[in-house]
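Okay, structure first, notes after.
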Amino acid sequence: MGGGQQQLQQLSQELQALDEEIETLESEIDGLREEQSDIDDAVEAIETLDTGATVQVPLGGGAYVRAEVQDIDEIIVSLGGNYSAEQEQDDAIDVLRRKQEALDERIEETQGEIDELESESQELEQQAQQMQQQMQQQQMQQMQQAQSDEE
């Protein structure tokens, strides 16, 4: 395999690695957006539910139990690191909004990484195209040289 072919193969592998990394980051963004949606649902529920309302509480594995809200003014909110705290309704909403802001920042950072990788990928694609064109020109020149040598 010629040097040009090896370089093209290397560029192709680099492009494939970049594409896989971009896919991974896009998947991460999807997960973060899903988490944001869950927070939106939680805030909406906190704002609309009343004490005494009946709700379905997930038990896991797709199973739910009906329960009555005893006190909507006290909400248990995950603080992270497997810790939770009981918060008043407004404080719980504030905690959830701050979580959403943190998710927004992570999405923005991740999107920035994707943009950088896509830019790098475009540069590599251009390099690969230029190399292919050069190789084709060299082949054409060699063929023309061979034909003129035969004459």
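FYI, it's all coordinate maths here, none of it is from the lab. These numbers come from a predicted model, not from an experiment.
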ask   = Based on DSSP H runs of at least 4 residues, each adding -39500 (n - 2.57), what is the mean residue ellipticity at 222 nm of the chain after dividing by all its residues, to the nearest 500 deg cm²/dmol?
value = -27000 deg cm²/dmol
message = If you fit an axis through the alpha-carbon atoms of helix 3-48 and take the longest principal axis of the Cα set of the chain, what angle between them do you get, 0 to 90°, nearest 10?
response = 10 degrees
key: Mean separation of Cα contacts under 8 Å (6+ apart) over length of the chain, as relative contact order %   = 29 percent
Given (1) 59; (2) 66; (3) 45, the label whose value is percent of Cα pairs over 21 Å apart derived from this model = (2)
